[in-house]
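**Student:** Sharing a structure here in structure tokens format.
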Amino acid sequence: AHSYAAAHPESVAQSFLAHALNTSEAEVSGILHGQGHGHHAVGEAFVKELTQYAVDLQRVQVIKPGTDPHQFAESIYANVFA
């Protein structure tokens, strides 16, 4: 569904309008264009993204300051393609 939404945001927006109030196809399509539905990081690229999320979560005090972001990312990542 995510890949379809990334490739066909106008079609998804048109279908969504049956359930939406006070919006337009252009607005919904624009929202879909701005989201990362077509982005699928794997391997080390995914670990890097998880590391950055951990850094961001430290900034807003969700993750403890003493936590190593990369080590945390490695601990929650599983290579399902290996």
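**Student:** Let me spell it out: the conditions are (1) of a type in the set (A, V, I, L, M); (2) exposed (fewer than 12 other Cβ atoms within 10 Å of the Cβ); (3) modelled with pLDDT of 85 or more, and A1 meets all of them except one. Which number is the exception?
**Tutor:** It is condition (3) that A1 fails.
**Student:** Mind telling me which of the residues L57, L32 ends up being out of contact with any helix residue (DSSP H, G or I) (no Cβ under 6 Å at 6 or more places or on another chain), of a type outside the set (S, T, N, Q) and surrounded by 15 or more Cβ atoms within 10 Å (Cβ to Cβ)?
**Tutor:** L57
**Student:** Between a residue in the range 41-62 that is part of a helix (DSSP H, G or I) and any residue that is among the small types (G, A, S), which pairs come within a Cβ distance under 7 Å, given they are 6 or more apart or on different chains?
**Tutor:** V47/A73; E49/A41; L50/A73; T51/A73; A54/A73
**Student:** Here's something else I'd like to know. So how many residues does the range 24-67 have that are within 11 Å of A6 (Cα to Cα) and among the hydroxyl-bearing types (S, T, Y)?
**Tutor:** Residues flagged as within 11 Å of A6 (Cα to Cα) and among the hydroxyl-bearing types (S, T, Y) within the range 24-67 amount to 1.
**Student:** Let me ask something else about it. State yes or no: is H40 surrounded by 12 or more Cβ atoms within 10 Å (Cβ to Cβ) and not hydrophobic (A, V, I, L, M, F, W, C)?
**Tutor:** no
The values are calculated or read from the model by the stated rules, or taken from the named source; none is laboratory data. What you are looking at is a predicted structure, and each value in this text was computed from that prediction instead of being measured. Note: ideal-geometry Cβ built from the backbone for every residue, glycine included; neighbour counts use all protein chains shown.
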